[in-house]
Amino acid sequence: RNKAFGNQIQSLRLSDASNLLKYWGIEMHKRGLTRGLENLHDEPIAREFLNKIGWAKAALEQGVKRAHILTLKQGSLLQELYTRDGSGTLVSKDIYEGIRQANVNDVTGIYELISPLIKAGTLVDRPKAVLEKDIENYYVYTRDNLVVACGQLKKFEDSFAEIGCLVVRREYRAGGRGDTMLGYLERLCLKIGCTKVFVLSTQTMEWFVEREFQEVSVKELPKSRQANYNRARASKIYMKLIDSDRELDASELWWNR
């Protein structure tokens, strides 16, 4: 269970599963057999669960995208596949590897990435001084120290959060990197207690609509954001309600990667 919230942990990343096995001193043989479980002979439930974690880890390292660990009870498989919260524990690959919070050293890379869109009028101008001032709200996706994607996350009152400046370098747009960046930011929203996520743009928003965002009016924004809304720019507003990690886990199945 999650020590902070007391609820059952419904999903783990591959790195989390590896750390869990390491903590208990459990290793996997090349053939997938688990070693170290003999230390848990007095804890059969933990022994069985960690054994399954070991098998899940081995499967993921061989190319499987997701592994579901279920209890042997009637209906558990159907519940896992067709309900939002599922019935077991999902283990999946670390698809967000390479994404981190930006720092001042990333300002130049972010600026170079977004400059063409600023010149085209797609993005609001963000001088380097402004980027540096607000850098703690930015996140970057890097490959060999090159910023290939970025995004901005702003928290507002009443469980609202705004995702902005979501940009992927042209030559890296294939392979679902935009989805990965969006998914990472959506998970951050949940982590900080924001379940109502919105985006603003003057351009077509079909990409966000395909990802379950719905158009709303200015009145749906938090009061402080309404006060700063640029009516002359007349950006369209799209919003999405996020209830749980499991909902985001399910959406990852449809990513183009």
Cα-based Rg of the range 1-152 normalised by 2.2 N^0.38 Å, two decimals: 1.44
The range 55-89-the range 95-122 distance, computed between alpha-carbon centres (Å): 36 Å
Charge dipole of the chain about the Cα centre (unit charges at C-beta), most positive-ward option of Leu81, Leu248, Ala67: Leu248
Relative compactness, the range 85-169, computed as alpha-carbon Rg over 2.2 N^0.38 Å: 1.27
FRET efficiency for Phe49 and Val130, using Cβ-Cβ distance with R0 set to 41 Å, rounded to 0.05: 0.25
Accessible carbon and sulfur surface of the chain relative to its total accessible area, %, 1.4 Å: 49 percent
Computed E for Lys65/Asn103 - FRET, C-beta separation, R0 30 angstrom, nearest 0.05: 0.45
Cysteines without a disulfide-compatible partner [the chain; Cβ-Cβ under 4.7 Å]: Cys150, Cys165
Helical mean residue ellipticity (222 nm; -39500 (n - 2.57) per DSSP H run of 4+; nearest 500) of the chain: -9500 deg cm²/dmol
Whole-number Å³ per residue for the convex hull built on Cα positions in the range 179-257: 97 Å³
Cα-centred dipole magnitude for the chain, charges only on beta-carbon of K, R (+1) and D, E (-1), debye, nearest 20: 300 debye
Kyte-Doolittle at least 0.0, axis length at least 20 Å by Cα - qualifying DSSP helices, the chain: 44-61
Radius, Kirkwood style, for the range 111-257 when every pair of distinct Cα atoms is counted (Å): 15.9 Å
The range 21-108 - convex hull of the alpha-carbon atoms, volume per residue in Å³: 171 Å³
Förster radius 41 Å - calculated FRET efficiency between Leu81 and Tyr172 (Cβ-Cβ, nearest 0.05): 0.80
Average accessible surface area per residue within the range 108-194, 1.4 Å rolling probe, Å²: 48 Å²
Compactness of the chain as Cα Rg over 2.2 N^0.38 Å, two decimals: 1.16
Highest-fluctuation residue, Ala174, Ala232, Ala56 considered, GNM on the chain with Cα pairs under 10 Å: Ala232
Percentage, to the nearest whole number, of Cα pairs in the range 100-144 over 16 Å apart: 34 percent
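The values are calculated or read from the model by the stated rules, or taken from the named source; none is laboratory data. Note that this is a predicted model, so its numbers are computed, not measured. Glycine gets a Cβ as well: all are built from the backbone with ideal geometry, and neighbour counts include every protein chain shown. Just the protein is used for accessible areas: all its heavy atoms, side chains included, with ligands, DNA and RNA removed. Shrake-Rupley method; radii C 1.70, N 1.55, O 1.52, S 1.80 Å.
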